[in-house]
Amino acid sequence: MSGTTRPQAKRPVSAALAGPYGHPFHPMLVTVPIGAWVASLVFDVASLFASEPEFPARAAMWLIGLGVIGALAAAMVGFLDLLAIPPGTRAFRVGLTHMALNLLVTAAYAGGFWWRHAGPPPSGGVEPGQLALNAAGLAVLAVSGYLGGMLAYRYGVRVADETTQAEGFVPVNKTDADRDGAGAR
């Protein structure tokens, strides 16, 4: 495959919105909801053992809200990546499943945020149902993340082709090759 020929799923639908070739925005943006939701579970568990459980319970609620906002941003550019995958392919089916699971998780967390925000302020640790919803959301998110990894690492969706990637493994000059041990091979 030449460096100029790229499979459809490797090219962005819109480089300005989805990220330039070989450097999509979606993987960068997903770190916000993942980090926020993992931290919210840590705070939920901490609320069960803290001497002042209201603080970690409230912090978990706001982390869940932050994660929902981050997930919506990631979903927008992820959808653009999905549009670049040819329909009827395995990668497209995996992409649809990945998207459906992420939408389910985001809806569950949005509902969890509403549940916490609309109810009375926490007077103790987080409620068992809220903790269970948080943990279940993370479990489904892990499955979806596995599928997202499959899209990138197995099917190469929005990953630069091998010829383009090879430029990163060519020594820049003789000094670099000697320092890195490549000159000794």
Search region 51-62 for residues being open to solvent by 40 Å² or more (accessible area, probe 1.4 Å) and in contact (Cβ under 8 Å) with a residue 24 or more places away in the chain, and hand back the single one that is nearest to L41 (Cα to Cα). R58
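It is to be established whether one or more residues within region 104-111 are within 19 Å of the chain's Cα centre (by Cα) and under 19 Å from A46 (Cβ atoms).
yes
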Check on V159, modelled with pLDDT under 85 and under 17 Å from the mean Cα position of the chain (by Cα): yes
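Matching residues to (1) touching a residue at least 40 places away in the same chain (Cβ under 8 Å); (2) open to solvent by 40 Å² or more (accessible area, probe 1.4 Å); (3) in a loop (DSSP other than H, G, I, E, B); (4) among the aliphatic types (A, V, I, L, M):
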residue: T106; (1), (2), (3), (4): yes, no, no, no
residue: W114; (1), (2), (3), (4): no, yes, no, no
residue: P122; (1), (2), (3), (4): yes, yes, yes, no
residue: G125; (1), (2), (3), (4): yes, no, yes, no
residue: A135; (1), (2), (3), (4): yes, yes, no, yes
residue: L138; (1), (2), (3), (4): yes, no, no, yes
residue: G156; (1), (2), (3), (4): yes, no, yes, no
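Only one residue in M150, M76 is within 15 Å of the chain's Cα centre (by Cα) and open to solvent by 60 Å² or more (accessible area, probe 1.4 Å), so which one is that?
M76
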If you go through region 82-98, how many residues are in contact with a helix residue (DSSP H, G or I) (Cβ under 6 Å, 6 or more places away or on another chain) and free of Cβ contacts under 8 Å to residues at least 40 places away in the same chain? 1
Within region 5-38, can you find the residues that are at pLDDT below 90, buried (at least 18 other Cβ atoms within 10 Å of the Cβ) and closer than 15 Å to M76 by Cβ? P12, A18, G19, P24, F25
Can you pull out every residue in region 158-175 that is surrounded by fewer than 17 Cβ atoms within 10 Å (Cβ to Cβ) and not polar (S, T, N, Q)? E162, A166, E167, G168, F169, V170, P171, V172, K174
Give region 99-110 a look and list any residue that's under 12 Å from G65 (Cβ atoms) and not aliphatic (A, V, I, L, M), or say none. T106, Y109
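The values are calculated or read from the model by the stated rules, or taken from the named source; none is laboratory data. All figures in this text were calculated on a predicted structure; none of them were measured in a lab. Counting neighbours? That spans all protein chains shown, and the Cβs are built from the backbone with ideal geometry, glycine included. Calculation scope for accessible area: heavy atoms of the full protein, side chains included, ligands and nucleic acids excluded. Shrake-Rupley method; radii C 1.70, N 1.55, O 1.52, S 1.80 Å.
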